[in-house]
Ligand SMILES: Nc1ncnc2c1ncn2[C@@H]1O[C@H](COP(=O)(O)OP(=O)(O)OP(=O)(O)O)[C@@H](O)[C@H]1O
Ligand SMILES: [Mg+2]
């Protein structure tokens with residue numbers, strides 16, 4: 001379980017000091033599919049970065065199974081992230097001079113996992129192993145980044161607008177892969193999106209407004225990537 005306790009985050013200094021996260025409390029259960037919704041600038045990405053240990057909050061705690069990661073040193077935090085967390089961004093951030101296998105293997109090497117070929121197969125890229133990112137479509141590139149993030153078998157997968165750069169068809173396809181992989185591997189998903197339809201795929205829907213959580217609800221049924229509107 002991830003527990004966020006009284007998290008506050010500020011940007012800027014002196015008269016430009018600005019509070020992005022305002023004493024946020026939140027719990028994410030193991031195996032959940034949580035979606036964070038909210039207007040542009042409401043603090044969604046900052047929230048995701050703080051929860052995943054990419055950024056440090058000024059106040060509060062982020063507790064993973066009883067362990068507070070905000071007290072870790074930089075090197076301990078890096079190690080914690082390597083061992084536990086996968087992160088997928090709107091832009092794929094693949095290394096342009098490495099082919100599919102090498103890009104994915106890089107994620108796997110971080111955790112000394114030899115099983116990266118299974119995951120490439122699971123995202124449907126078995127016949128693109130030797131291709132370079134520039135030779136792939138947007139959806140294929142995002143699937144490589146999904147494979148890279150999952151190659152190290154993370155316990156939690158954080159995604160920040162993973163379909164933001166994709167058209168409808170490829171967006172649905174990538175979401176479908178992510179859901180099926182969750183069923184297979186059982187990791188926890190925390191996904192930021194501004195697409196209200198995608199929230200219907202989630203179990204837990206968290207709404208943010210001006211640095212605060214305005215609403216949390218649980219969906220009784222979850223739709224698939226092909227059942228939602230777009
Ligand atoms: N590194 C930074 N330095 C200063 N201000 C920042 C920084 N990162 C974000 N902000 C500000 O914090 C606020 C929240 O930003 P954040 O990126 O978390 O919003 P968001 O909800 O993810 O928005 P979007 O939907 O547009 O991605 C914004 O007003 C933004 O300008
Ligand atoms: Mg954002």
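The values are calculated or read from the model by the stated rules, or taken from the named source; none is laboratory data. Note that the structure is predicted; figures quoted are calculated from it, not measured. Here the Cβ positions follow ideal geometry from the backbone for every residue, glycine too, while neighbour counts run over all protein chains shown.
Structural remarks
- Within region 200-230, the set of residues being surrounded by 14 or more Cβ atoms within 10 Å (Cβ to Cβ) and assigned to a strand (DSSP E or B) comprises 204, 205, 206, 207, 208, 212, 213.
- Among the residues of region 142-165, those that are in contact with a strand residue (DSSP E or B) (Cβ under 9 Å, 6 or more places away or on another chain) and within 16 Å of ligand 2 (Cβ to nearest atom) comprise 158, 159, 160, 161, 162.
- Region 140-158: number of residues that are away from ligand 1 (no atom under 16 Å from the Cβ), touching a residue at least 40 places away in the same chain (Cβ under 8 Å) and not in a loop (DSSP other than H, G, I, E, B): 11
- Taking the criterion of being over 14 Å from the mean Cα position of the chain (by Cα), assigned to a helix (DSSP H, G or I) and surrounded by fewer than 18 Cβ atoms within 10 Å (Cβ to Cβ), the residues of region 159-199 that qualify are 168, 169, 176, 180, 183, 184, 185.
- The set of residues from region 98-136 being assigned to a loop (DSSP other than H, G, I, E, B), touching a helix residue (DSSP H, G or I) at 6+ places or on another chain (Cβ under 9 Å) and farther than 16 Å from residue 177 by Cα comprises 98, 99, 111, 113, 114, 115, 129, 130, 131, 132, 136.
- Residue in region 48-68 that is at pLDDT 95 or above, within 16 Å of ligand 2 (Cβ to nearest atom) and either part of a strand (DSSP E or B) or on the phi > 0 side of the Ramachandran plot (or both) present: no
Each row is one residue, and each column tells you yes or no for (1) surrounded by 14 or more Cβ atoms within 10 Å (Cβ to Cβ); (2) within 12 Å of residue 210 (Cα to Cα).
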site	(1), (2)
15	no, no
19	yes, yes
25	no, no
35	yes, no
41	no, yes
49	yes, no
56	yes, no
68	no, no
